[in-house]
1. Ranking B:70, B:132, B:96, A:50 by Cβ neighbours within 10 Å, fewest first, what do you get?
2. Neighbour counts of other C-beta atoms within 10 Å: give me A:13, A:103 arranged from fewest to most.
3. Quote the charge dipole size of the stretch A:1-115 about the Cα centre in Debye, to the nearest 20; the model charges only the Cβ of Lys and Arg (+1) and of Asp and Glu (-1).
4. Quick one: compute the contact order of chain A, relative version, from alpha carbon pairs under 8 angstrom and 6+ residues apart, as a percent.
5. What is the set of long-range amide H partners of residue A:31 at a cut-off below 5 Å, with H atoms built 1.01 Å from backbone N?
6. Give the residue from B:8, B:124, B:50 lying farthest towards the positive end of the charge dipole for chain B; charges sit on Cβ (+1 for Lys and Arg, -1 for Asp and Glu) and the dipole is referred to the Cα centre.
7. Considering amide H positions built from the backbone, and no H for Pro or chain starts, which residues 5 or more places from residue A:26, or on another chain, come under 5 Å of its amide H?
8. How do B:16, A:71 rank when sorted from fewest to most other Cβ atoms within 10 Å of their own Cβ?
Amino acid sequence: MMKLNEISEALKCETFCGAEYLDREIKFGCASDLMSDVLAFSRAGAVLLTGLVNIQTINTAFLAEIEALVFVRGKIPDERMIEMAIIKKLPLIGTPYSMYEACGILFNQGLGSTMECISEKVING
Amino acid sequence: MDKTFTRTFTVVGNNFTDAGKVSTEIKMILKQLGINSTIIRRVAIASYESEMNVVMYANKADISLIVSPTEIQIVVEDTGPGIPDIELAMKEGFSTATTEMREMGFGAGMGLPNIKRNADIFNIESIMGKGTKLNITVSLN
């Protein structure tokens, strides 16, 4: 569990919208560019790290109860995405780190995976 | 809620700009009806995958939301090419998606299995050259 502002600080993020929601509690981390994977395997209360910057990222986050979006590798959402995110009360932040680095940083700080239940099942049988 | 609530929306194929709007509205309605958030999430995901399928593959579809005191139903009836092999389409990873679809984060052959995963009852019928009908039921009990 991490606060969104701790995540933002750890990943040296800039905030595109939703600064008022930075005190949200984030239960899990999730990273994918494939929105169907997010819909299939994420749990409510996660932060989504993604390199996919389009309106379907916003829709996916809203519908799958994702608490915040982190765009990796300096990617910037456009005006329409920001407008949609504001309506949906979804904070959008962006990190200069790559997906791999950003995941590593959050994992090291103790943020568990939203897909943990699945990987545990695969490893332990 | 004592009586049945019904609402039908229209989704137009290939309109990637508006894709997701209907599912967003469905989620808002279910919230207003006071449905449990875990149930809402399952319905929203199934509805969104269905909506994306219509946008990606069909000409047009009616998506109906039917909420009764015991269950929520999403019925998706499209006019489109139909699915030649439903068993194959239900397999995770099987896809006929284009690059544009994949660029939106979809088209990886997860849609129909995702819908089934979130439904308590899932029915699919398809007639080649006419269209496909999905019936998704999520129980409220």
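1. Ordered by Cβ neighbours within 10 Å, fewest first: B:70, B:96, A:50, B:132.
2. A:103, A:13
3. The dipole magnitude comes to about 140 debye.
4. 32
5. Placed amide hydrogens put A:49 under 5 Å from residue A:31.
6. B:8
7. A:2, A:3, A:4
8. Fewest-to-most ranking of B:16, A:71: B:16, A:71.
Where a number appears in this text, it was derived from the coordinates with a stated rule and is not lab data. Note that the coordinates shown come from a computational prediction; the quantities given were computed from them, not determined experimentally. Please note: Cβ atoms are built from the backbone with ideal geometry, for glycine as well, and neighbour counts cover all protein chains shown.
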